[in-house]
Amino acid sequence: MQKSNFQTEIEGRQTDLFVLQNQQGMKVGITNYGGRIVSWLAPDKNGEYDDIVLGFDSIDGYLNANEVYFGALIGRYGNRIQKGQFSLNGETYSLATNNGQNHLHGGPGGFHNVVWDASQLDDQHLVLTYFSEDGEEGYPGNLSVKVKYTLTPQNELKIDYTATTDSPTPINLTNHAFFNLGGAASGTINEHELTIYGSKYTPVDSTLIPTGEMTAVEGTPFDFTSSKAIGEDLSADNTQLEYGQGYDHNFILDKEQPGKLTQAAKVTDPASGRTMEVFTTEPGIQFYGGNFLDGSDTGKEGQPYTHRTAFCLETQHFPDSPNHPDFPSTVLNPGEIYHSLSIYKFSTE
């Protein structure tokens, strides 16, 4: 990754590439354009390093991509809001509908599409900040956001999100890295073995909006409570899999207390031995199996990103929570501090 390939100006703001590295040899490249993780070098069981996230070699690749979320910070609201509308304190707000009839990932001008202020503290720490003005993408309140990335000696990337507002607003921040633990150009992820520490999930309608149910995964293709290959049940006759064209669903994590940092998922690539564990304070995690990758984007090493060659594990509150009073609240009020911590830890087996 060449820093010069990420240095340009977007709407009067300077973009750049920042590299975190530890003494163990792991390197993570992040651009302040959308807070994107653009590369992640991790060792396999033989000590060989490969880039395990999909993306591009330059800022131009991201500006011209068909898949606009590769590696990006997502906000103000990760995931979908039904018909781009919600009510808060008696007032109805209208958002962009950029995913069929629904609002997705903060809208077309969401946090993935803005240039963040960046401060690299040292080789292990990067801080990004952004001020989202009242009314941006239709959301109420001036929102001040800080995201801190820390690469530890234990081969963990910690992503620590905080935010404050001057008016009540929904907020649901996450990162949208597309992973392939065999390497970004290594083909299907269907043989990766996945565990999700959640015994329930939120079923969706045909537009991928939660129905409001919280359904047990037991006896369904959504049961990842014991490790199994991602592709094992993809051919099952299941309406939910039809709606998502595979997995694109929110899993409710098993937590003894809300907000506690607990393990959410574990993924292993049997071929390379690379293992990723995900920990989060969030109540849910969206598992997406790369169903909508169609080869229209050519990424690093000149490889097209085709069907199911990556997966995403997006730590989050539940989709469409502003329209579901029974879901954990995503409303941030003045005087409160939004805080979310997620950790991606790598090892080999």
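Sorted into 20 angstrom bins from 0, the C-alpha pair distances of the chain split as 32, 62, 6 percent. The helix-based estimate of mean residue ellipticity at 222 nm for the chain, built from -39,500 (n - 2.57) per DSSP H run of four or more residues and divided by its residue count, is -500 deg cm²/dmol to the nearest 500. For a modelled paramagnetic label at Asp57, 7 Å from Cα along Cα-to-Cβ, the residues of the stretch 284-319 in reach, with backbone nitrogen under 17 Å, are 297-305. Using Cβ point charges alone (K and R +1, D and E -1), the dipole size of the stretch 243-294 about the Cα centre works out to roughly 140 debye.
Here the stretch 135-211 is treated as a sphere whose radius is the Kirkwood value from Cα pairs; by Stokes-Einstein at 25 °C and 0.890 mPa s it diffuses with a coefficient of 145 µm²/s. The reciprocal of the average 1/r between distinct C-alpha atoms defines the Kirkwood hydrodynamic radius, which for the stretch 196-253 equals 11.5 Å. Over all pairs of different C-alpha atoms in the stretch 211-295, the reciprocal of the mean inverse distance, the Kirkwood hydrodynamic radius, equals 14.4 Å.
Extension gain, Glu213 to Arg13: 0.36 nm times the residue separation minus the Cα-Cα distance gives 67.7 nm.
Spin-label model, Asn89 to Ala229: label points 7 Å out along the Cα-to-beta-carbon direction sit 5.3 nm apart. Let me check against my output: what whole-number percent is the relative contact order of the stretch 168-276, with C-alpha pairs under 8 Å and at least 6 apart? Relative contact order for the stretch 168-276 comes out at 35 percent. Using the Cβ of Asp16 as centre and a radius below 14 Å, the other residues enclosed give a net charge of +1, where K and R count +1 and D and E count -1. Rg/Rh for the stretch 38-166 (Cα atoms only, Rh after Kirkwood) is 1.03. Within straight-line reach of Lys45, meaning a Cα separation under 27 Å, sit the following lysines at least 8 residues removed in sequence or on another chain: Lys27, Lys158, Lys228, Lys266, Lys300, Lys345. Sorting His105, His324 by the number of Cβ atoms found within 10 Å of their own Cβ, with the fewest placed first, yields His324, His105. Phi-derived couplings, Karplus 6.51 cos²θ - 1.76 cosθ + 1.60 at θ = phi - 60°, listed residue by residue for the stretch 70-80: 3, x, 8, 6, 10, x, 5, 10, x, 6, 9 Hz, with x used for Gly and Pro. The mean of 1/r over all distinct Cα pairs in the stretch 1-111, once inverted, gives the Kirkwood hydrodynamic radius of 16.0 Å.
If you place +1 on the Cβ of every Lys and Arg and -1 on the Cβ of every Asp and Glu, how big does the dipole about the Cα centre of the chain come out, in debye to the nearest 20?
That gives the chain a dipole magnitude of about 460 debye.
We did not get these values from a lab; they are worked out from the coordinates using the rules stated. These numbers come from a predicted model, not from an experiment. Cβ atoms come from the backbone with ideal geometry, glycine included; neighbour counts cover every protein chain shown.
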